[in-house]
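Below is one structure; the comments refer to it alone.
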Amino acid sequence: MDSQETDVETVAGNCRGSDSNSRPLRVVFCWAEVTGYMAACWKMLAQRGSVDLHVIHPQRFWGKVNPFHSDPDLLQGVSNEMFDSERSDSGDWLLEAVLKRRPDVVVICGWIYMPYCQLVCSNKLSSTRVILGMDSPWRGTLKQRLARYRLARLVKRVNLVVTTGNRSDEYARRIGVPAFKLRSGYYGFDHRLFSAASSLRPTESGQWPRRFLFVGRYVPQKDLGTLIDAYSLYSRGVQNPWGLTCCGAGPDGRILRDVPGVTDAGFTQPKDLQSVFARHGVFLLPSRFEPWGVVLGEAAASGLPLICSSACGAGSDMVRPYYNGLVFAPQDVGGLARAMRWMHDHHSELPMMGARSQVLSESYSAEFWAQRWHNYLLETLEQGQVGVVNTLS
């Protein structure tokens, strides 16, 4: 056993509480887009004294500026550094930046950013453990079927794959990830922030807010077209239709213009969403494609009944039909309109449905996320030494 392996075992022992004199576990998260929910999770993990956490993230991703960066408190208390992904030597810079941290574990956010995949397959990190996060659901497309071959080296390299649930589990298995490497619980969020919204929302008889809410990017996969068509259909079928608020930004915002009853509130920072959730009575997520959908968990934590399409991965974890919400087929205007009408007609049941949503969301809190991931990190340290691998071509 070499000295590095002995050192890793010592770190694991310290994290388990058996050696208080040893150094903390060093982990580097290589992320594509920093968000409010991941920031909350990293903060909770960083607060654990036996973990030295560092986040590396690009200033721009795919040429777009991350709107969450406008919040100066986003990563307060989290060691992090931002880089220019468009620089010609970004791969070399990444390797040096990670090596400088001397990590025990590197976590990468899937294979959305190939330089991260190349990074962990560098011979210079051959003894470093690797965790791959994965939220993509299996859809059976040709591209996904070919991924088994395209990602073979990466799959062989990683120690653990953490997925969002059953749908991404299937994808992982189909690209060759063995069952013993699979774990769940990829995402978490600031449950305490959003759960406080329930105390601000009136629950007295007849006082529950009569208003629908959508929060998300204004992009085609969120399917604002179906949302607006369904809302218009619902509005024509009832007296005194509820209003609809949309919070977000993006090219499809034009779809919301001049629609009676619809308010475009624009992009809203996570810290401001608590009061937004408190002023509404039902949350909608009509996506035609949604690997998971953390916002559905945030809405559930705030105590809202939920309506989502079956394309939302979080729907299978967070929505129980007629218990705390309703599910409809993607792009089914009539199905979404009927779900909105049902909520309208069962207004008195919504407080109880919202309370059930809150209970279902608790396991995704940042506190539980940190506990879960801390143990996943330890599991990788307790595995055998990783062999030398070739760099991805």
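Read-outs: derived from the displayed coordinates by stated rules, not from any lab. Small disclaimer: the values here were computed from a predicted structure and weren't measured. Note that each Cβ is placed from the backbone with ideal geometry, even for glycine, and that neighbours are counted across all protein chains shown.
See the values below:
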quantity: Cβ-Cβ FRET estimate between residue 179 and residue 93, R0 fixed at 30 Å, reported to 0.05; calculated: 0.25
quantity: Cross-link partners of residue 143 among lysines (Cα-Cα below 21 Å; sequence separation of 8 or more within a chain); calculated: 156
quantity: Helix axis angle, 36-46 relative to the chain longest principal axis, alpha carbon, degrees; calculated: 40 degrees
quantity: All lysines inside 19 Å of residue 100 as judged from Cα atoms, apart from same-chain residues fewer than 8 positions distant; calculated: 124
quantity: Crossing angle, helix 90-101 versus the chain [Cα axis fit, 0-90 degrees, rounded to tens]; calculated: 70 degrees
quantity: The chain: C-alpha gyration tensor shape, a/c 1.5 cut-off, then a/b vs b/c; calculated: prolate
quantity: Sequence-distant residues sharing a close amide H with residue 245 (under 5 Å, placed H); calculated: 212, 213, 214, 263
quantity: Anchor residue 181: aspartates and glutamates whose Cα lies under 15 Å away (excluding residues fewer than 8 positions away in-chain); calculated: 169, 170, 379, 382
quantity: Pairwise label distance in nanometres, residue 310 with residue 258, each label 7 Å out on the Cα-Cβ vector; calculated: 3.7 nm
quantity: Overall form of the stretch 186-230 per C-alpha gyration tensor (a/c, 1.5; a/b vs b/c); calculated: oblate
quantity: For the chain, built as a Gaussian network whose Cα springs stay under 10 Å, the top-fluctuating residue of 114, 352, 343; calculated: 114
quantity: Estimated [θ] at 222 nm from DSSP helical runs (n ≥ 4, -39500 (n - 2.57)) normalised by residues in the chain, nearest 500; calculated: -11000 deg cm²/dmol
quantity: On Cα atoms only, tilt of 224-236 relative to the major axis of the chain in degrees; calculated: 20 degrees
quantity: Prolate/oblate/rounded call for the stretch 191-364, Cα gyration tensor, a/c under 1.5 rounded; calculated: rounded
